[in-house]
Amino acid sequence: MSRKAVLVVDVIKDFVDPEGKVPHPQAAAIVPHIEAFVAEARKAGAIVIWIIDAHRPGKPDWELAHVRAHCTDGTRGVELAEPLAALPEDYVIKKRRYSAFMGTDLDLVLRDNGVDTLFITGTKTNVCIRATSQDAFEMNYSVIIPRECVSTDKEHLHVANLEDIDKYMGRVVDLARAIELLRCEGETA
């Protein structure tokens with residue numbers, strides 16, 4: 001029996017809200033699809049894990065030393081994009097690198113819950129989605145990406161990275177197929 005989890009990566013105000021530090025309109029466009037997918041995941045009994053990019057203010061941070069400031073912990077920018085909301089049974093995991101696995105307890109949470117299949121959603125396709133997908137694959141998780149639930153600000157990078165993920169790390173499917181895969185027992189990537 002397959003145990004499934006949905007990762008919602010960085011669908012937070014700094015990326016989604018026009019007033020955020022690094023917004024792109026494509027991120028805002030995926031929020032309704034993610035909201036619907038998370039609702040379906042809960043009905044199917046999948047675990048929902050919210051991954052939040054959150055950098056400590058005033059502390060050394062390798063990533064922030066190499067990219068523009070974003071997602072400062074404790075600010076509005078790291079809040080989930082509305083109307084998304086974590087429920088008490090969900091997990092919320094903060095990260096400070098592109099991959100949701102790097103320096104977090106995500107792998108332990110997944111193993112504690114017997115998860116073998118990850119549905120990865122969020123932003124940005126060419127950065128955090130790709131890094132998380134690659135690490136998931138390397139750690140023996142089946143990876144499924146619902147195409148309508150990921151985004152980035154450059155279409156050519158979005159397309160190229162989805163092609164690579166589909167070829168080397170998992171499956172990229174449309175939202176309807178992802179919902180079918182959530183519902184069915186045993187079928188994975």
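The values are calculated or read from the model by the stated rules, or taken from the named source; none is laboratory data. This structure is a prediction, so every number in the text was calculated from the model and none was measured. Cβ atoms come from the backbone with ideal geometry, glycine included; neighbour counts cover every protein chain shown. Protein only, heavy atoms only, side chains kept; ligands, DNA and RNA dropped before computing areas. Shrake-Rupley method; radii C 1.70, N 1.55, O 1.52, S 1.80 Å.
Summary table below
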item	result
Candidate values (i) 11.9; (ii) 11.2; (iii) 9.9, label of the one derived for mean projected area of the Cα convex hull in nm²	(iii)
Student exercise, the range 39-110 dipole from Lys, Arg, Asp, Glu Cβ charges, in Debye to nearest 20	220
Centre separation in Å (Cα based) which lies between the range 78-128 and the range 129-176	15
Among beta bridges that DSSP assigns inside the chain, antiparallel share in %, nearest 5	5
Within the accessible area of the range 102-155 (1.4 Å probe), percent carbon and sulfur	46
Net lengthening on full extension, ALA39/ARG171 (0.36 nm per residue, minus Cα-Cα)	45.4 nm
Cα-centred dipole magnitude for the range 120-189, charges only on beta-carbon of K, R (+1) and D, E (-1), debye, nearest 20	100
Probe 1.4 Å, protein heavy atoms only - accessible area per residue of the chain in square angstrom	47
Cα-centred dipole magnitude for the chain, charges only on beta-carbon of K, R (+1) and D, E (-1), debye, nearest 20	260
Surface share of carbon and sulfur [accessible, 1.4 angstrom probe, percent] for the range 40-84	53
Two-site FRET efficiency, LEU108 against GLU155, from Cβ-Cβ distance with R₀ of 30 Å, rounded to 0.05	0.25
Cut-off under 5 Å, modelled amide H: who pairs with SER99 long-range	none
